[in-house]
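The values are calculated or read from the model by the stated rules, or taken from the named source; none is laboratory data. Since the structure is predicted, the reported quantities are computational estimates derived from the model, not experimental observations. Note that we place each Cβ from the backbone using ideal geometry, even for glycine, and neighbour counts take in every protein chain shown. Side chains included, ligands, DNA and RNA excluded: accessible areas come from the protein's heavy atoms. Shrake-Rupley method; radii C 1.70, N 1.55, O 1.52, S 1.80 Å.
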Amino acid sequence: MSAQSSPNSPSGHRSHRNRNLLLVAIAVVVVAGIAAGGYGLWYILIGPSSPGAVSSGPPAIPAGAGVPAPASLDGTWNVNTSLGTISDGTASFAGYRVQEQLVGVGGHTAVGRTPKITGSMTLTGSVVSNVQITADMTALASDNDQRDGQLTHQAIETDTFPSASFKTTGPIDLGTIPTNGTVVAVNATGALTLHGVTRTVTISLQAVRQGGIIAVTGTLPIVFSDYSIQKPTSFSLISVDDHGTMELHLLFTHA
């Protein structure tokens, strides 16, 4: 049986030194990974996952949020940003979802959202009209401050184009007044203004009412070139798709 090395023996010193060198090497790799990828290795180890897509389920109303149903559903309904949060953050938001390739991370879904939304719609019987939504793009936030900083002067350039808006150009006929808790799927056609460019689009929507709250989700594919948006560049970014998805999740209450 071989004898164990004493800590004070030459072999013991070599073993201790090798362990120290290994720890230093690991630290260097961690620092290098963070530097090379912006947040690459940190993201692999402890970074959060992207919020789920709003299209993956029906509109959500925050637990405990309760507003009595009005005597009549007819009238103006306003976006309400004070009704709590859902699992992925604020309950009323608009934002983007884009696939990217990051140094030290690989494929990743970039998701940014702004909770600063204003807007309203008019309900008359089973017909929705005069939908107007405005999003403060300067409040967009994702899981990476670097990305958010780049978007102030790249891609959607929020310093130059601080807001985006959508306004319907025609009525939306629901067919019948939806009962409490019933999810309704409709399309809304209107004018979307993004990055200073206005285009006519049709957004796929889902809506559900719970008492005096109407929750609405919507998604719309966005091709960057349609809105004169240039793909962003960054030392931590290998590539990014030339298209993405606009998402919204809004809660309305009766005026």
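Taking interchain pairs and intrachain pairs at least six residues apart, which have beta carbon atoms under 8 angstrom, with the first residue in segment 239-253 and assigned to a strand (DSSP E or B) and the second hydroxyl-bearing (Ser, Thr, Tyr) and open to solvent by less than 10 Å² (accessible area, probe 1.4 Å)? Correct list of pairs: GLU247/THR217; LEU248/THR217; HIS249/SER92; HIS249/THR217; LEU250/SER92; LEU250/THR217; LEU251/SER92. Only one entry in THR189, THR193, THR169, THR198 is surrounded by 12 or more Cβ atoms within 10 Å (Cβ to Cβ), out of contact with any helix residue (DSSP H, G or I) (no Cβ under 6 Å at 6 or more places or on another chain), among the hydroxyl-bearing types (Ser, Thr, Tyr) and under 13 Å from VAL131 (Cβ atoms), namely THR189.
Condition first: at pLDDT 95 or above and surrounded by fewer than 17 Cβ atoms within 10 Å (Cβ to Cβ). Now tell me which residues in segment 123-135 satisfy that. THR124, VAL127, SER129, ASN130, GLN132, listed by residue number. Quick check on my filter: what residues within segment 218-238 are open to solvent by 30 Å² or more (accessible area, probe 1.4 Å) and either assigned to a strand (DSSP E or B) or β-branched (Val, Ile, Thr) (or both)? The answer is THR219, PRO221, VAL223, THR233, LEU237, ILE238. If you go through segment 64-89 and keep only what is open to solvent by 40 Å² or more (accessible area, probe 1.4 Å), touching a residue at least 24 places away in the same chain (Cβ under 8 Å) and assigned to a strand (DSSP E or B), you end up with THR76, ASN78. Count of segment 94-119 residues, restricted to those that are closer than 19 Å to ILE213 by Cβ, open to solvent by 30 Å² or more (accessible area, probe 1.4 Å) and in a strand (DSSP E or B), is 1. Considering segment 164-217, the residues that are in a loop (DSSP other than H, G, I, E, B), touching a residue at least 40 places away in the same chain (Cβ under 8 Å) and β-branched (Val, Ile, Thr) include one that is nearest to HIS254 (Cα to Cα), namely ILE177. When ALA215, ALA191 are screened for being under 16 Å from LEU174 (Cα atoms) and not polar (S, T, N, Q), only ALA215 passes.
I'd like to check something: does segment 177-186 contain any residue that is within 18 Å of GLY95 (Cα to Cα) and either open to solvent by 40 Å² or more (accessible area, probe 1.4 Å) or at pLDDT 95 or above (or both)? No: segment 177-186 contains no residue that is within 18 Å of GLY95 (Cα to Cα) and either open to solvent by 40 Å² or more (accessible area, probe 1.4 Å) or at pLDDT 95 or above (or both).
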